[in-house]
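Notes follow once the structure below has been shown.
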Amino acid sequence: MSNFATLLDGYHEFRKEDWEQHRDSWHELAKGQHPKIMVIACSDSRVEPATVFNTVPGEIFVLRNVANLVPPDDQSNRLNGVSAALEYAVTQLAVTDIVVMGHHECGGVAAALTHKFDHASLGEGGYIDHWLHLVAETRDAVVAQHGDQATTELEQALVRLSLDNLRSFPWIAAREAEGALTLHGAWFSIADGRVYTLDTGSDAFRQN
């Protein structure tokens, strides 16, 4: 059986169980979405926000990419999927909260620390190299303080970086200032299934 066939088996189970049991909810969702929370997470297959936060369809608006990064506002680059998703969530869906969630054993963070894709050609890691240029300054600062094995420290530092970059968007900063939008940092430990949230007072991640 192919991997895709396995997915289709899962779909048929969904149709028989979840969709059938929640038919009315799915019909309501077909009319539109109204999530109040946006989650920016890593593309890592082990870190599914809907599973970690035990949400139902329509409850969270999710953006996933390598290492859960938000680039700073760059109005010269209109072909930016992160910026487009942010703009839609904030200005059209009017989400009230944005959560940036990093995680344990992030492959993007490991690649940044080891310089695995430095100067790689396109199709061999070049796109990854270009994306990870976003974290070079933060990585170098973390390595200078903690050494080149500081995986967790960099994972959590990149959550802080993405939060800072979110505030570079004027329409995000304005909504945060007026209390219409709250930004949150989180880090998920895969091995023990725990979420740690960023305490703004101490700038440390605390277990929940």
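Annotations
- Cβ-based net charge around Glu105, under 10 Å, with every Lys or Arg adding one and every Asp or Glu removing one: -1
- Rounded to the nearest 10 degrees, the inclination of helix 3-14 to the longest alpha-carbon principal axis of the chain is 50 degrees.
- Here the label points at Glu48 and Asp140, each 7 Å from Cα along the C-beta direction, are separated by 4.0 nm in the simple model.
- Here the Karplus relation 6.51 cos²θ - 1.76 cosθ + 1.60, evaluated at θ = phi - 60°, turns the backbone of segment 120-128 into coupling constants of 6, 7, 5, x, 10, x, x, 5, 5 Hz, with x for every Gly and Pro.
- For the chain, a Gaussian network of Cα nodes joined below 10 Å ranks Val143, Val135, Val159 by mean-square fluctuation, and the top entry is Val143.
- Added length on full extension, which subtracts the Cα-Cα distance from 0.36 nm per residue, Gln92 to Ala174: 28.0 nm
- Distance (nanometres) between label positions extended 7 Å along Cα→Cβ at Thr182 and Asp74: 3.2
- Debye log10 I(q)/I(0) for segment 50-169, one point scatterer per Cα, at q = 0.10, 0.15, 0.17, 0.20 Å⁻¹: -0.34, -0.75, -0.94, -1.20
- Helix axis angle, 151-166 relative to the chain longest principal axis, alpha carbon, degrees: 80
Read-outs: derived from the displayed coordinates by stated rules, not from any lab. This is a predicted model, so every value here is computed, not measured. We place every Cβ from the backbone using ideal geometry, glycine too, and count neighbours over all the protein chains shown.
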